[in-house]
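For reference, the structure is listed below as structure tokens.
Every read-out reported here was derived from the displayed coordinates using simple, explicitly stated rules and does not represent laboratory data. Quantities reported herein were computed from a predicted structural model and do not represent experimental measurements. Heads up, the Cβs are rebuilt from the backbone with ideal geometry, glycines too, and the neighbour counts pull from every protein chain shown.
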Amino acid sequence: MSTRALAAIVLALAVAFLGIYGMGRSLWLDEAWVANSIQARSLPGMFYYPDWLQVNPPLFLLLARGAVQVLGASNWAFRAVPLLLAVTAAASMLGVSRRLLRPGFAMLAAAVVAFDPTAIEYSRTLKPYSGELAATALLLLASVRYLQQLDRRRYLWLLATVAAAMPLAYPAVFIVPGIVLAVAAGESSERLRRSTGLAALASGILLGMYWFSIRPNLAPELRDFWAVDVDHGMTAGLWAALIFCVAAAIRAALRRDLAAIVCALPCLLLAASGALGWYPVSHRTRLFALPCFTLLAMMTAQDLLRRWLNHGAIQVTAVALAIGIGGHAAASQVIEHRAIAEEDFAAAVGLLQERVGPNDLVLVHACCKEGFLLYSAMDRWNPPRVLYGDTGWPCCARGKDARPGISTRGAVIADLDAKIPRGFSGRIWLLYTTRPTQWTYVGLNEGELWRNHLWERGCPPGPYLRFENLAVSPIDCVNAR
């Protein structure tokens, strides 16, 4: 077995094992509604999920739906596709790095991307961000292969990669312009025809996606959410990265380094889109640009160190750094307890299934509705009396006003009194989140308000049952006023 093949296998296995760690944990709010949408009865119902704005790209949804239909609904099955895409991203990153960098730098570049903490987290999360990472790495690999040998077969592979990457990852639109420019570079009419064909294909796919999957899922509340969720302000590190990208892009243009242009342009387009408010820029939404930035940085470092590249110490140091990054990533997963669920809906719903009586009432907060629906269906439990709160909605439930701070004490109490009229006699089981970020976003801890208001009505709370970022609270209204 060659050293190159061995390195690829070791990297893929490392990414897989890191993703598997914690893969069986309960899905939380952000994953639960995606899981419910991919189990919709029809494809239109998945692409236009009636309860939530479907922000996931169509190919990602189709792949996840297929995995669940084959493997059955389980925590592992829901996360199988994100993990597979993370492994694909790592392997593709190593592949493109080996074409542009010396072996030691190639291993280091692949390690930086594969073992990034955000990349590891989303390799086992039912969200599209590992797909975005894979799409970028595949596009870079296909474009560099073509630029190194301008034959028809590799051009067709590039077209196929673009056709697959765009419906897999919406941010692929940041990568394609640089590829089109690189393909068009030169005075050959054939290159112009090929770049025009590539641009036409990408434009057609983008228009189709906008009409069928993006436009029906746009709403003002989504923009309001991203205005709060994005990383506000430019840190010193981000300023340094931006300045480096600008300098590297100018250098690449002067030297006609097409591979560097393909890597630099997405970073600049992302920065411009974020500054103009066109695209949300947070730690996860900019993950797709990590392969581009990493390759650009490594190519620059390799060029600066070209006098010493033949010295074994440089290559050994790069490999040692790659191994160190992987080891640190593995240790951090254990130290930071990354296998613990963000919200343990599986355990909370399981307890309710055991204890809720036939005459009891279950009241589920709006932010817990999707998790409750998911795990009650997975457990084949059909509770006789369930009500759902209609305040404190997280983003982005369809048709709900989920703007930060919109919740008020009066609205919560009015919603609660409308659902549980005075004089109700019986036991009520409350299910709500204790995740601080939810109540900070809402501006009011509605779970505690529920307990206190029912207590004021003469319904004393029973034992407070804690789960990871969730609470189940039985309320006894037998002697309620």
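Summarising the amide proton neighbourhood of LEU470: residues at separation of 5 or more, or on other chains, whose placed amide H is nearer than 5 Å comprise ASP344, THR434.
What number do you get for the chain when its Cα radius of gyration is normalised by 2.2 N^0.38 Å, N = residues? Present the calculation step by step, with values, prior to reporting the outcome.
Details: Rg = 25.2 Å, N = 481, 2.2 N^0.38 = 23.0 Å.
For the chain, the normalised Cα radius of gyration is 1.10.
Residue ranges 340-350, 297-307, 173-183 sort as 173-183, 340-350, 297-307 when ordered by packing (mean number of other C-beta atoms within 10 Å per residue, highest first). The string of couplings for the range 361-372 from the Karplus curve (6.51, -1.76, 1.60, θ = phi - 60°) is 10, 10, 10, 10, 5, 4, 6, 10, 4, 5, x, 5 Hz, one whole number per residue in order, with x for Gly and Pro.
May I ask for the net charge around SER332, where only other residues with Cβ less than 15 Å from the Cβ of SER332 are counted and Lys, Arg are +1 while Asp, Glu are -1? Intermediate results must be reported in sequence, preceding the final value.
Numbers: positive: ARG124, ARG338; negative: ASP116, GLU121, GLU336.
Here the charged neighbours net out to -1.
Need the C-alpha centroid separation for the range 149-172 versus the range 407-438, integer Å. Result: 51 Å between the Cα centres.
For ALA240 and LEU304 in one chain, what is 0.36 nm times their gap in residues minus the Cα-Cα distance, to one decimal in nm? List each step's numbers first, then the result.
Numbers: separation 64, 0.36 × 64 = 23.04 nm, distance 1.79 nm.
Fully extending the segment from ALA240 to LEU304 adds 21.2 nm.
Under 14 Å from a point 7 Å along the Cα-to-Cβ line of LEU71: which residues of the range 118-136 have their amide N that close? It comes to 123-127, nothing else. Our helix-only sum for the chain, with -39,500 (n - 2.57) per DSSP H run of n ≥ 4 divided by its residues, gives a mean residue ellipticity at 222 nm of -20000 deg cm²/dmol. Projecting label points 7 angstrom from Cα along Cα→Cβ for GLU354 and ARG251 puts them 6.1 nm apart.
In a fully extended conformation the segment linking ARG41 and ASP379 would gain 119.8 nm over its present Cα-Cα distance, using 0.36 nm per residue. Each Lys or Arg adds one and each Asp or Glu subtracts one; over the other residues with Cβ under 12 Å from the Cβ of LEU147, this totals +4. In terms of the mean number of neighbouring beta-carbon atoms within 10 Å, the peptides 249-261, 212-224 order highest first as 249-261, 212-224.
So what is the relative contact order for the chain, in percent, with contacts set as C-alpha pairs under 8 Å and at least six apart? Once divided by the residue count of the chain, the mean separation gives 17 percent. In whole Å, what is the distance between the alpha-carbon centres of the range 83-123 and the range 1-30? The range 83-123 and the range 1-30 have Cα centres spaced 11 Å from each other.
Overall shape of the range 345-476 was characterised from the C-alpha gyration tensor. The equivalent ellipsoid obtained from it has semi-axes of 21, 18, 13 Å, in decreasing order.
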